[in-house]
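In what follows, a single structure is set out as structure tokens and then discussed.
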Amino acid sequence: MKNWSLSAWVAGFLAVLISYCGPLVIFIQAAHVGGFSSEMLSSWIWAISIGSGVSGLALSLWLRMPVITAWTAPGTALLINLFPEISMAEVVGAYFSAAVITAVIGVTGYFERIVQYIPKGIAAAMMAGILFQFGVQAFQASMDLPSVVFAMLGVYLISKRLWPSYTVILVAITGFLLAYLQGHTQLDTLRLEWGTPIFTMPEFSLKVFFSFTIPLVVVSLTGQFLPGMVVMRLAGYNAPSRAVVTGAGLASMVVAFFGGITIVLAAITAALCTGKESHADPEKRYVAGIASGVVYLIGGTLAGSIVLIFSAIPAALVSALAGLALIGAIVANIRLLADDLTYIEPSVITFLVTTSGMSLGGLGSAFWGVVIGLIAYWVLRMGRVTKRS
């Protein structure tokens, strides 16, 4: 029982709480843009929570490592640009297709080979372009709730300086408390409500495959699994990518039918569970992975209540929280974008195309950002090789 330390359980709980305060907000925004009912949103939250809980719990127990899984926040952001043009059935088809591709990549062991063919700057630029709009929305929301949003920004800056691991939680608490004190909440609507999964028969579309499925796979591999692996290996855990990617892919295949987007390896929240704060003994930190899995399962069971909580707070607060929560991810991707000065132009082109929101032939800006960026990358690279020869 010495393994089951309180610090490990606290770390696992915080990892889930940060996910619900940050990435979940983006999921809720996508549901609002798509015009989906509270019942459908409850099914979505049930699916991503159960998928994350089961996969993280199983992998942590099996590998004896703190494997923290979650849903892909950047992948969810793709939905906002595609709704309401695509149907829920097409979304489920895209989820399932992406899960199958991810599982196959995991089983075959090609994960680390594939990511090497996608320049980090291009992938980072696409993610930065996708997330950029959320950062902007945080400050656009200040027009509706100026005192709340700027107080949240102040807390963000202070906590980032003093308590970086708890920044998102402190910002969320500040926003909720001020919104309540100023009478912007509707807490009288809150009640205990279970999550009810809703099965959706998938539909498969070639346009959706290229505009959503492929970018979703790329974002998941390069933006979540890859940094997640780096976090674990820097902490001293030689996590087998085949087992982790396959396990997450299989979980994604199941929850896809209920609105669950791709389950991935967490990176930011994983840092809470792989460090000394979780447990002094690295061999016993896997308990934090078990703890996060258990908390996710509880969250999925109470998915209906989670929907009511976010329905009781103003939309501007949700937008501000999502934007501030993603500043770190935006900064990280901009750093990667500018890391290779030799090929920074293709990365900037990818960023501009993705940010533009352009759509050609039914394919979204994320797809065209990667395509155009890769073309620019190879043209400029060939030009430099020719000059050297």
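The values are calculated or read from the model by the stated rules, or taken from the named source; none is laboratory data. Since the model is a prediction, treat every value here as computed from it, not as a measurement. Cβ atoms come from the backbone with ideal geometry, glycine included; neighbour counts cover every protein chain shown. We work out accessible area using only protein heavy atoms, side chains counted, and drop any ligands, DNA or RNA first. Shrake-Rupley method; radii C 1.70, N 1.55, O 1.52, S 1.80 Å.
Let me confirm something: among I306, I344, which residue is open to solvent by less than 30 Å² (accessible area, probe 1.4 Å) and either in a helix (DSSP H, G or I) or hydrophobic (A, V, I, L, M, F, W, C) (or both)?
Of I306, I344, the one residue that is open to solvent by less than 30 Å² (accessible area, probe 1.4 Å) and either in a helix (DSSP H, G or I) or hydrophobic (A, V, I, L, M, F, W, C) (or both) is I306.
Has region 192-207 got any residue that is in contact with a strand residue (DSSP E or B) (Cβ under 9 Å, 6 or more places away or on another chain) and open to solvent by 50 Å² or more (accessible area, probe 1.4 Å)?
Taking every residue of region 192-207 in turn, at least one turns out to be in contact with a strand residue (DSSP E or B) (Cβ under 9 Å, 6 or more places away or on another chain) and open to solvent by 50 Å² or more (accessible area, probe 1.4 Å).
Is at least one residue of region 197-204 in contact (Cβ under 8 Å) with a residue 24 or more places away in the chain and assigned to a helix (DSSP H, G or I)?
No, because not a single residue in region 197-204 is in contact (Cβ under 8 Å) with a residue 24 or more places away in the chain and assigned to a helix (DSSP H, G or I).
Select the helices (runs of 4 or more DSSP H) contained entirely in region 102-187, then report the ones holding at least 2 residues which are acidic (D, E), under 28 Å from S241 (Cα atoms) and under 19 Å from the mean Cα position of the chain (by Cα).
By residue number, no helices (runs of 4 or more DSSP H) qualify.
If a residue has to be under 20 Å from the mean Cα position of the chain (by Cα) and assigned to a helix (DSSP H, G or I) to count, how many in region 76-89 make the cut?
Qualifying residue count, region 76-89: 8.
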